[in-house]
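What follows is a short report on a single structure.
The values are calculated or read from the model by the stated rules, or taken from the named source; none is laboratory data. Small disclaimer: the values here were computed from a predicted structure and weren't measured. Cβ coordinates were reconstructed from backbone atoms using ideal geometry, including for glycine residues, and neighbour counts include every protein chain displayed. These accessible areas exclude ligands, DNA and RNA; they are computed on the full protein's heavy atoms, side chains included. Shrake-Rupley method; radii C 1.70, N 1.55, O 1.52, S 1.80 Å.
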Amino acid sequence: MTPLTVHRGRVFPLDRADVDTDQIIPKQFLKRIQRTGFGQFLFYDWRFEPDGREREFPLNEPRYREATILLARRNFGCGSSREHAPWALLDYGFRVLVAPSFADIFYNNCFQNGILPVVLPEATLDDLFVRASGPEPLTLEVDLPAQVIRGAGEPIPFEIDEFRKDALIRGLDEIGRTLHASDLIDAYEKTRCQDFLAPVH
Amino acid sequence: MAKTMLDKIWEDHVVARSPGEPDLIYIDLHLVHEVTSPQAFEGMRAAGRRVRRPERTFATEDHNVPTDPVPVVRDPIAREQLEALEANCREFGIRLLDMKSPERGIVHVVGPEQGLTQPGMTIVCGDSHTSTHGAFGALAFGIGTSEVEHVLATQCLRQSRPQSFEVRIEGKRPQGVTAKDIILGVIGRLTVSGAQGTVVEYTGEAIRALSMEERMTVCNMSIEMGARAGMVAPDETTFRYVHGRPFAPKGKDFDRAVAAWSRLPSDPGAVYDRVEVIRIEDLAPQVTWGTHPGMVGPVTGRVPDPSSARAPEERLAMERALAYMGLEPGTPLEAIPLDRVFIGSCTNARLEDLRLAARAVRGRRVAPHVRAMVVPGSELVRRAAEAEGLDEIFTQAGFEWRHAGCSMCLGMNPDILRPGERCASTSNRNFEGRQGRGGRTHLVSPLMAAAAAIAGHFVDVRQWELSDLPARGMSA
């Protein structure tokens, strides 16, 4: 996983609430068996006509095309657990998402892929949306170690779980970390009281 | 101290706990399907890791599977994905119900049906509707593919403890109102993000009165209000359902299991982080009119006017939804004409759902402009329904009777809506394009969907005469 410390990038404002993962990546693109190459399908039905021509959608505007920070409204990433959604965002180039709230599974999936989801109050986002929607593109600097966003007036502080912050900054493989606790898992399995669980094959 | 059921199951599964870190919790059952697993197995191979507990891992093919009598996967990419699962299960020693298996079906139908799903377990699957299994008093939730890999490799997950949220459903369920209407009503009230960060425990007399299949319908849609999981305390209804199923404990083991399961329900006086009480005496059958499950109302109502929205953001969302759905504000929901009807999905494709739909259909004909299909949740459900003659009731009425799979719930197989087609669906999501690009989905109960197929538009099923079923009728 690519570590994330200080990220500077252009902002794409997606002014919609309850954006579900079916919109982030429609189901016809879930049949691939790789983790890569999903960026071209990001927001597909919103970005493209069925024949592949571009539709009128903010991400198709030149000022947002190179964006790497996404602003969204509440409950971003709701619905299906498909990790193809963060894969598509990451592959397109997004490293930071900012919203008043995220759906739980999607939020977890972001951290697994080196994407930082930042939760900010609605009022702060209202201000960021105004700044990012003007004729001049907005560029922000997201400083994860310092937990602050710069570039839109006063620096904006944000909260994040220390464990996840550390994993993002160091680009840690969570599985490797858990395997270090193998002896604890062995011990747990030995003492497990529900021994009536039958094996499933 | 009095504990909630969530407290008990959580504490029972903590493998490691350190200050400042999420708990490492043990996973009892890992369900796997073809869409969200290939990248996880690839990661295992790349790192040279083995599956820690193949005997606690169980796989099905369901999302991509065609629902024709003899499923032939013509889509080469879908076929590659199914073949990848078959190869991965062989390589890592995992039991798979493949397309040829007589027990195959939707993962959330098969788990309970096979007795894999049991009270007190932690259950995960790379699928958000894993919340279904919470109906047994299990902690069951959907995970992403990286977490699938994590569970394959370690049989554990790092998880922050969610909040507990009691949703108490009080009152007697009116006739014609189903478990689907109850959960749609709850989502409408609490909104699609209203349970974020919580595990919902459904309690109250109305929940106690539900069958296991109905409880599964309720828990299935917990994710649609943002809940991490939904659960119902196990009771005699639960134990009777589990008893005798292939993977359920047998003999003395079953008695010991029941003794342990009986200790799971929340203690009297246990304190939840949040509580909502919802009464259902006056609940009407529900119909969604918009592009998420929270955009829902009683069938006797009308398409709402965006100008009635409380906030500008909500007004915009409603306008976008109505434009997508091709609906005018003020239109009575009963006046909406339909092109398609889909009875299926992990929400509503179990035997009781099909019996109920058949009672609304028997002796009638599908409206000439409607194409209607029934897709049983599993091959066992299909054969049981056929043994009761339900397939004939449906086909004589003009329904297509299909084989098991996720089918048109998400349209990864050939069953999809064409642009602009309007569908009454017993599935769980009415998102834009969910059933096919440009398709318009209205979520309803199986009873509502069946009656709508006959009438050609939505009808209030409280006024719809239900037929008895041949031979072994149902009591509901």
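Quick notes on this structure:
- Restricting attention to the protein assembly as shown, close to 30% of DSSP beta bridges with both partner residues there are antiparallel.
- Shielding by partners - mean other protein chain Cβ count within 10 Å, residues of B:193-205: 2
- Against chain A, whose longest principal axis comes from its Cα atoms, helix A:182-191 is set at around 50 degrees.
- Inter-chain Cβ neighbour count for B:69-77, averaged per residue, equals 1 (cutoff 10 Å, partner chain atoms only).
- Placing a label point 7 Å from the Cα of A:SER133 along the Cα-to-Cβ direction, the residues of region A:2-18 whose backbone N falls under 13 Å of that point are A:13-17.
- Bridging of B:LYS180 to lysines at a Cα separation below 16 Å is possible for B:LYS172, once same-chain residues fewer than 8 apart are set aside.
- Cα point-scatterer Debye curve for chain B, base-10 log of I(q)/I(0) at q = 0.07, 0.10 Å⁻¹: -0.34, -0.72
- Between B:ARG240 and B:ALA323, the simple label model (points 7 Å from Cα in the Cβ direction) yields a spacing of 5.2 nm.
- Inter-chain shielding of A:13-20 (mean C-beta neighbours from other protein chains, 10 Å cut-off): 4
- Considering only chain B, percent of DSSP beta bridges that pair antiparallel, nearest 5: 20
- Listed cross-link partners B:LYS8/B:LYS252; A:LYS27/A:LYS190; B:LYS100/B:LYS250; B:LYS8/B:LYS100 are compared with a 31 Å cut-off, the Cα-Cα value being larger for A:LYS27/A:LYS190; B:LYS8/B:LYS100.
- Distance from region B:34-102 to region A:69-85 (C-alpha centre basis), Å: 26
- Only the Cβ atoms of Lys and Arg (+1) and of Asp and Glu (-1) were treated as charged; on that basis the dipole of chain A about its Cα centre amounts to roughly 460 debye.
- Neighbour net charge for B:THR130 - beta-carbon separation under 14 angstrom, K R +1, D E -1: -4
- Computed helical MRE - 222 nm, chain B, DSSP H runs ≥ 4 contributing -39500 (n - 2.57), nearest 500: -9000 deg cm²/dmol
- Here the calculated FRET efficiency for B:HIS369 and B:GLU314, from their Cβ-Cβ distance with R0 = 45 Å, stands at 0.85, rounded to the nearest 0.05.
- Placed amide H near B:ALA270: partners under 5 Å, 5+ positions off or other chain: none
- Residue-wise HN-Hα couplings along region B:14-24, as the Karplus relation 6.51 cos²θ - 1.76 cosθ + 1.60 with θ = phi - 60° gives them from phi, are 6, 8, 8, 9, 10, x, x, 10, x, 5, 9 Hz; Gly and Pro carry x.
- Percent accessible area from carbon and sulfur atoms, region A:27-115, protein chains only, probe 1.4 Å: 46
- Area accessible to solvent at B:LYS8, 1.4 Å probe radius, in Å²: 40
- B:ARG256-A:ALA187 FRET efficiency (beta carbon distance; Förster radius 25 Å; 0.05 resolution): 0.65
- In this structure, A:GLU61 and A:GLU159 have a Cβ-Cβ separation that, at R0 = 25 Å, corresponds to a calculated FRET efficiency of about 0.20.
- Placing +1 on the Cβ of every Lys and Arg and -1 on the Cβ of every Asp and Glu, with nothing else charged, gives region B:162-312 a dipole about its Cα centre of roughly 260 debye.
- For region B:1-138, the share of DSSP beta bridges that are antiparallel, to the nearest 5, is 15%.
- Pairs of Cα atoms farther than 21 Å apart, region A:6-172, %: 44
- Counted charge near B:VAL177, where neighbours are those whose Cβ lies closer than 13 Å (Asp, Glu -1; Lys, Arg +1): 0
- Rh by Kirkwood over Cα pairs, then Stokes-Einstein D for region B:83-201 at 1.306 mPa s and 10 °C, µm²/s: 95
- The packing ranking, built from the mean of other Cβ atoms within 10 Å per residue, places the peptides B:363-374, B:187-198, B:11-22, A:16-27 in the order A:16-27, B:187-198, B:363-374, B:11-22, highest first.
- 1.4 Å probe, heavy atoms, protein only - residues of region B:225-274 losing at least 40 Å² accessible area vs chain alone: B:ARG228, B:PHE247, B:ARG256
- Packing-based order for B:147-159, B:345-357, B:415-427, using average beta carbon neighbours within 10 Å, highest first: B:345-357, B:147-159, B:415-427
- In chain B, the portion of solvent-accessible area held by carbon and sulfur atoms comes to 50 percent [1.4 Å probe, whole percent, DNA, RNA and ligands not counted].
- Straight-line cross-link partners of B:LYS3 among the aspartates and glutamates, defined as a Cα under 17 Å from its Cα and at least 8 positions apart when in the same chain: B:GLU11, B:ASP12, B:GLU166, B:GLU201, B:ASP267, B:ASP273.
- Chain pair A, B: total accessible area buried, heavy atoms, 1.4 Å probe, Å²: 6000
- Relative protection proxy for A:129-139, B:397-407, B:302-312, from highest mean packing down: B:397-407, A:129-139, B:302-312 (other beta-carbon atoms within 10 angstrom).
- Probe 1.4 Å, accessible area per residue of chain A, Å²: 40
- When both region B:180-221 and region B:1-21 are represented by their alpha-carbon centers, they are found 24 Å apart.
- Share of pairwise Cα-Cα distances greater than 40 Å in the protein assembly as shown is 26 percent (whole percent).
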